[in-house]
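First up is the structure itself, then whatever we jot down about it.
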Amino acid sequence: MSPKTAQIRLVSSHPEVYEPCDDSFALVDALLADRTNILDHCPRLCLEVGCGSGYVIASLALMLGQELPGVYYFATDINAHALRVTRETLDAHAVDAELLCMDIASGLEKRLAGMVDVMVVNPPYVPTPDYEVGREGIASAWAGGENGRSVIDRILPVADRLLSDKGWLYMVTLTTNDPSQICLLMRKKGYASRIVVQRSTEEESLHIIKFWRDSDIQLDTKEILTTNKSVPARVKDSLVSQFSQLSFWRGTNSNCL
Amino acid sequence: MRLFTHNMLSSNIKGVANGFPLRIEVDQVVEKQVDFHPDFLRNMFPKLEWKALVDAARTMGYTELPEEADSSMLESEEFLRKLHHALLELHLEEGALVCPETGRKFPVNKGIPNMLLHEDEV
Ligand SMILES: C[S@@+](CC[C@H](N)C(=O)[O-])C[C@H]1O[C@@H](n2cnc3c(N)ncnc32)[C@H](O)[C@@H]1O
């Protein structure tokens, strides 16, 4: 791990704000693993949806900062306390981001469409009854509704709208979210995907998936749309096998979530 | 909130056709110096709504931006410095953003705009 990001300190906390946990660490590890690619990619605008304590956005700003100083960072959260904690985390590490309290990226969708080069999301992904989703307080940090997909499924079209042609999305998913189906959904929008980091806890397996627009897939998708064919079986199989192999993998145990 | 962000924000209340630009109500502006990166400015210039930026800067007390701008001005360091200051160094610390169509106010506290909508607005 880069020595700089390893130093992210939790300078502030709040009972209603999600503390960095295995999923946050896995997401930052994925960004670190892909750091040289991101640097080569020269992003101008980066966005985190659901920044919580600010651990991820501060790490991203620190790991890119030295080589890419002129990058503009946005971070949103639906929880106003989270943004205040994020502000303190950023200040303590001498990095900066524009913080916005909003549902996903609702106030940015019009004007920022097609401009975001790197988008990172550790969404609320735990399967819960639907009524727990998006309520005030800490529950909205994890409550993901049926199969943990209700917020994720609202984020995907927003990502598609906001990402630039060369834009990348990094997202945390759980096996129960059916990540291969998420990849298929994104494939229909013209995105290729790859697992950057995989990690298992006692009960669950986390995947950090990277999505990017792929012109071959876009051609494929056009064909599917015009000829009304479904996604070729070989694609489906390869996506499914990517994930099913991983669910047997066991890493360090965890007691968060 | 910086004015670059203001230029990218709109009100998305149900039924609002074009919630841009949000009107700014100022209680407190703070200035924070940041490093000058002309490449960022050149890249973002084509995406800016110029009039919205000029008006917003004026509301925040900065009147140095020209009323009209075109990309040939990006050659001038003086212009870039002004753009840099307006976009990235002026912060609305306390105040509100007002939807141009409905008048609904979105508060800005400690530099953080609260754009959350009420149930009957989504
Ligand atoms: C699992 S936590 C991740 C926090 C932080 N990014 C991290 O990795 O440690 C999910 C975050 O998303 C926020 N969130 C939930 N629903 C949201 C929504 N509809 N729009 C924006 N943020 C949301 C929660 O408040 C919470 O801070």
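In the range A:167-196, the residues that are closer than 22 Å to A:S59 by Cα and away from the ligand (no atom under 16 Å from the Cβ) form Cβ pairs under 6 Å with partners that are open to solvent by 40 Å² or more (accessible area, probe 1.4 Å) and modelled with pLDDT of 95 or more, at six or more places apart or across chains, as follows: A:W168/A:W212. Of the residues A:E109, A:E98, the single one that is more than 26 Å from B:K32 (Cα to Cα), facing another protein chain (nearest Cβ under 10 Å) and away from the ligand (no atom under 11 Å from the Cβ) is A:E109. Taken together, A:K166, A:K189 contain a single residue that is closer than 20 Å to A:Q218 by Cβ and touching an Asp or Glu at 6+ places or on another chain (Cβ under 6 Å), which is A:K189. Does A:G134 fit the bill of being part of a loop (DSSP other than H, G, I, E, B) and open to solvent by 20 Å² or more (accessible area, probe 1.4 Å)? So A:G134 fits the description; yes. Listed by first and then second residue, the pairs linking a residue in the range A:106-126 that is closer than 13 Å to A:D165 by Cα to a residue that is more than 8 Å from the ligand (Cβ to nearest atom) and of a type in the set (D, E, K, R), with Cβ atoms under 8 Å apart and 6 or more places separating them unless they lie on different chains, are A:A113/A:R161; A:G114/A:R161; A:G114/A:D165; A:M115/A:R44; A:M115/B:K47; A:D117/A:R44; A:D117/A:K166. Taking the criterion of being under 25 Å from A:S200 (Cα atoms) and either away from the ligand (no atom under 13 Å from the Cβ) or β-branched (V, I, T) (or both), the residues of the range A:38-62 that qualify are A:V49, A:V56, A:I57. The single residue among B:F45, B:F36, B:F20 that is open to solvent by 20 Å² or more (accessible area, probe 1.4 Å) and within 28 Å of B:G103 (Cα to Cα) turns out to be B:F20. Hey, does the range A:121-129 have a residue that's among the aromatic types (F, W, Y), at the interface with chain B (Cβ under 10 Å from one of its Cβ atoms) and closer than 22 Å to A:W168 by Cα? No: zero hits. Against the test of being within 13 Å of chain A (Cβ to nearest Cβ), outside any strand (DSSP E or B) and over 16 Å from the mean Cα position of the chain (by Cα), the options B:L116, B:L41 yield a single qualifying residue, B:L116.
The values are calculated or read from the model by the stated rules, or taken from the named source; none is laboratory data. None of these values were measured; they are calculated from a predicted model. All Cβ positions, even for glycine, are placed from backbone atoms using ideal geometry, and neighbour counts span all protein chains on display. Calculation scope for accessible area: heavy atoms of the full protein, side chains included, ligands and nucleic acids excluded. Shrake-Rupley method; radii C 1.70, N 1.55, O 1.52, S 1.80 Å.
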